[in-house]
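Some notes on the structure that comes next.
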Amino acid sequence: SPLASPQETLTGKYGEDTKLIYELQDQGGELLALRYDLTVPFARYLAMNKITNMKRYHIAKVYRRDNPATTRGRYREFYQCDFDIAGQFDPMIPDAECLKIVHEILSDLQLGDFLIKVNDRRILNGVFAVCGIPESKFISTCSTVDKLDKMPWEEVKSEMVGEKGLSPEAADHIGEYVQLHGGLDLIERLLQDPKLSQNKLAKEGLGDMKLLFEYLTLFGITGQISFDLSLARGLDYYTGVIFEAVLLQQENDHVEEPVSVGSVAGGGRYDGLVGMFDPKGRKVPCVGVSIGIERIFSILEQRVKASGEKVRTTETQVLVATPQKRLLAARLKLISELWGAGIKAEMLYKKDPKLLKQLQYCEDTGIPLAAIVGEQELTDGVVKLRNVATREEVRM
């Protein structure tokens, strides 16, 4: 999908985050914007090409007019990797697969302990309804609830009352629900809740959540998944299941609750988005997940730094080196032969580099071998191959 879209394609899809969209104006005065995520452009693509069934991944850059915090992997231009399943299928089967994929990726990257929080927009909306919140305030209340992982309940409550205009009683009532988290047992308990069980939306959401947990049990991944009523994801387009993966950091042995080091993936179901771009309003149900690549990179970089490990930044297998002056021609001939044979080779861009400097370069960059051609080697028609780490040499 293109980097820049007409502004109206993106506005009105992200709730309060709309203010983070980069807006542009081209020379013809047309209002454009840089893509904020890969989901909205994907939905537009499906509608434009009348596609009703698709499973795809997409890795590309997105842009946010945010306050960058590079140490925490927050940038204004960054990569996302999205995985989406579009099409009419039986409930919760594709949703469970998306969660399985996140679980698999985070396990394979060995980033340490992680937790995938799961909730459903319908359950949240049901909670707001039984707490007496008018429907017009659902979305703005949602984005306040979403701050619960960064702020204590007292601060979230005062924003609900002070900024969003809810009554303190209603806010307290919401607080009783949104501080709950658990698994199948909690779902069963809420299905019996006298108020929630009377709400059609919440009942639907809880029924699907139960089904989802049954599938996740079959995938064997429920150990790292938590049904968490505080998860709200502030974006407007989610219609059902929502999820977010956070890395956990055990501060020390005395801490009961692991500390979150931030979200590395998030997603959910957005059944209404494609219909917004279809001239006839035809809907295509979709569910997807987005993984923040930079966020993961910054965590991996901090790990490497802390361990003092050396990371190879080049795939070069051999450095072509010369011990005496006026042997550039020999180096160029040999490196050309190696390149022709598909061997990853390098040489220093100097006419007469010192041998020590060339070997030091191998050590600094982790190049394992040095192919040395001196006058003697040229006379004998051989190359001296040196193992940089062990200093062993063979003539070939």
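Of 71, 11, the residue with the largest accessible area leads and the full order is 71, 11 (1.4 Å probe). Springs between alpha-carbon atoms under 10 Å, Gaussian network over the chain: tell me which of 248, 211, 338 tops the mean-square fluctuations. Judging by the Gaussian network model, the answer is 338. Spacing of the modelled spin labels on residue 396 and residue 300, each 7 Å from Cα toward Cβ, amounts to 3.0 nm.
Accessible surface comparison of 347, 396, 54, probe 1.4 Å, protein chains only, largest first: the order is 396, 54, 347.
With the alpha-carbon atoms of the range 8-97 aligned to their principal axes, the span from lowest to highest coordinate is 43, 39, 23 Å, starting with the largest. At the listed q of 0.07, 0.08, 0.11, 0.15 Å⁻¹, the Debye profile of the chain, built from one uniform point per Cα, gives log10 I(q)/I(0) equal to -0.47, -0.58, -0.87, -1.33. Relative contact order, whole percent, for the range 1-64 stands at 37, derived from Cα pairs under 8 Å and 6 or more residues apart. For the range 318-395, a/c is less than 1.5, where a ≥ b ≥ c are the root eigenvalues of the C-alpha gyration tensor. That puts it in the rounded class. Stretching residue 271 away from residue 197 to a fully extended chain increases their span by 24.3 nm, per 0.36 nm per residue minus the current alpha-carbon distance. Candidates 136, 109, 168 compared by Cα position along the dipole of the chain: farthest toward the positive end lies 109, with charges placed on Cβ.
Taking the Cα centre of the chain as origin and assigning +1 to Lys and Arg Cβ atoms and -1 to Asp and Glu Cβ atoms, the resulting dipole is close to 1740 debye. Counting only DSSP H runs of at least 4 residues, each contributing -39500 (n - 2.57), and dividing by the residue count of the chain, the helix-based mean residue ellipticity at 222 nm comes to -11000 deg cm²/dmol.
For the range 156-244, count the residues as N, evaluate 2.2 N^0.38 Å, and divide the Cα radius of gyration by that value, please.
Working it through for the range 156-244, the quotient is 1.20.
Under the combined filter of DSSP loop state and at most 15 neighbouring Cβ atoms within 10 Å, the range 9-70 retains these GluC sites (Glu not before Pro): 30.
One Cα centroid belongs to the range 307-332, the other to the range 336-361; the line between them spans 4 Å.
Dipole size in debye (nearest 20) for the range 318-395 around its Cα centre, Lys and Arg Cβ +1, Asp and Glu Cβ -1?
260 debye
Label-to-label distance, residue 61 versus residue 218, with points set 7 angstrom from Cα along the beta-carbon direction: 4.2 nm. Here is the list for the range 61-91: chymotrypsin sites (Phe, Trp or Tyr not before Pro) lying in DSSP coil, each with at most 15 other C-beta atoms within 10 angstrom of its C-beta, are 89. For a modelled paramagnetic label at residue 180, 7 Å from Cα along Cα-to-Cβ, the residues of the range 96-132 in reach, with backbone nitrogen under 19 Å, are 117-132. Loop-located trypsin sites (Lys or Arg not before Pro) in the range 1-103 (DSSP state other than H, G, I, E, B) with a sparse environment of at most 15 neighbouring Cβ atoms within 10 Å: 50, 65, 76. Along the axis of the charge dipole computed for the chain (Cβ charges of +1 for Lys and Arg, -1 for Asp and Glu, origin at the Cα centre), the listed residues 31, 69, 215 are led at the positive end by 31. Across all C-alpha atoms in the range 69-196, the radius of gyration and Dmax reach 17.7, 47 Å. Each residue, residue 7 and residue 100, gets one label point 7 Å from its Cα in the Cβ direction; the gap between the two is 4.4 nm.
The values are calculated or read from the model by the stated rules, or taken from the named source; none is laboratory data. Given the structure is predicted, the values throughout are model-derived calculations rather than measurements. In this analysis, Cβ positions are derived from the backbone assuming ideal geometry, glycine residues included, and neighbour counts consider all displayed protein chains. Note: areas computed on protein heavy atoms with side chains; ligands, DNA, RNA excluded. Shrake-Rupley method; radii C 1.70, N 1.55, O 1.52, S 1.80 Å.
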